[in-house]
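The values are calculated or read from the model by the stated rules, or taken from the named source; none is laboratory data. This structure is a prediction, so every number in the text was calculated from the model and none was measured. With ideal geometry, Cβ positions are generated from the backbone for all residues, glycine too; neighbour counts draw on all protein chains shown.
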Amino acid sequence: MPVLGVLVSVLWHRIIKSDRDLNAVKFEIIHELEQSLPASLYVHEWRLAEQGRGRVYRSVTDIERWITLAFLGLHVVLFIVLAGSALHGSNP
């Protein structure tokens with residue numbers, strides 16, 4: 001079961017990265033389109049958010065990636081505990 005949990009965590013992490021990359025492209029397109037509009041609301045919002053580096057903005061995908069790493073760590077620890085107890089012939 002922990003091996004399946006590790007696999008799911010790794011795949012979940014990759015899905016989040018893929019979604020983040022796709023969103024970056026979408027916003028690049030939006031910013032290009034805004035250059036021909038009278039107002040650039042997304043550009044203004046991004047400046048106020050300090051381009052994602054400030055205290056104002058925390059990317060949801062950054063938070064989601066930490067969750068996947070926590071689950072990955074949990075499953076690795078569970079695997080080690082179960083493997084250790086199997087080697088010593090006891091049940092956890």
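Can you tell me which residue among S18, S9, S36 is in contact with a His (Cβ under 9 Å, 6 or more places away or on another chain) and on the phi < 0 side of the Ramachandran plot?
The match here is S9.
Just wondering, is there one or more residues in region 62-82 that are modelled with pLDDT under 85 and surrounded by 11 or more Cβ atoms within 10 Å (Cβ to Cβ)? Full working, then the answer.
Taking region 62-82 and keeping what is modelled with pLDDT under 85, we get 62-63.
Add one more test, that the residue is surrounded by 11 or more Cβ atoms within 10 Å (Cβ to Cβ), and what stays is 62.
The answer is yes; a qualifying residue exists.
When you scan region 34-49, do you find a residue that is touching a Gly at 6+ places or on another chain (Cβ under 9 Å), more than 29 Å from V8 (Cβ to Cβ) and either surrounded by 14 or more Cβ atoms within 10 Å (Cβ to Cβ) or of a type in the set (D, E, K, R) (or both), even just one?
yes
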